[in-house]
Amino acid sequence: MIANINGLFEQVGQSPLGKTARRSANIIWNAHLAALETTRDETGRVFQVAIKESGKLRERTRDRADDVVGEIAGRADEQLSAFEEAVQRSVKRVIHRIGLPTAQDVDALSRRVETLAKRIETQASRKRKTAKRRRPAAKKRAKTAAKRAA
């Protein structure tokens, strides 16, 4: 039976239909190889284009993310500043209500104390100078009084 099948294939192969079928198979096979070669070449190019585009997309995404983060940080700073101002106003009101001196009040008072201390210092030094001048005169008077009594 195998001999019959081999014989049949040989007869079909020698016939014009078999020869045409062989040529068609060769053309299909060569077209398949050419398509495979083209696909292999184009795959490298497609990957290169995909890598370039992904890099561009990554940069655009990063830039956009930086913009969004900057915008959010700006809004957060504004809100934080507004909150700090509100807290400062509230604290000032409470300090004023209970009568605690502020840092400005303490600074002003410190300046006044320093000014008064300088004035007292200058007055004390003047009194010391005048006291030194008076002592010799007092000693002379004491000597004169002692001479009169003697």
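The values are calculated or read from the model by the stated rules, or taken from the named source; none is laboratory data. Note that the coordinates shown come from a computational prediction; the quantities given were computed from them, not determined experimentally. Heads up, the Cβs are rebuilt from the backbone with ideal geometry, glycines too, and the neighbour counts pull from every protein chain shown. These accessible areas exclude ligands, DNA and RNA; they are computed on the full protein's heavy atoms, side chains included. Shrake-Rupley method; radii C 1.70, N 1.55, O 1.52, S 1.80 Å.
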Checklist outcome for this item: By residue number, the members of the range 82-111 that are open to solvent by less than 60 Å² (accessible area, probe 1.4 Å) and assigned to a helix (DSSP H, G or I) are 82, 86, 90, 95, 108, 110
Next on the checklist: I'd like to verify a number: residues in the range 48-81 that are more than 20 Å from the chain's Cα centre (by Cα) and under 30 Å from residue 100 (Cβ atoms), how many?
Outcome noted: 0
Checklist entry - Which one of 119, 45, 148 is at pLDDT 90 or above and out of contact with any Cys (no Cβ under 8 Å at 6 or more places or on another chain)? => result 119
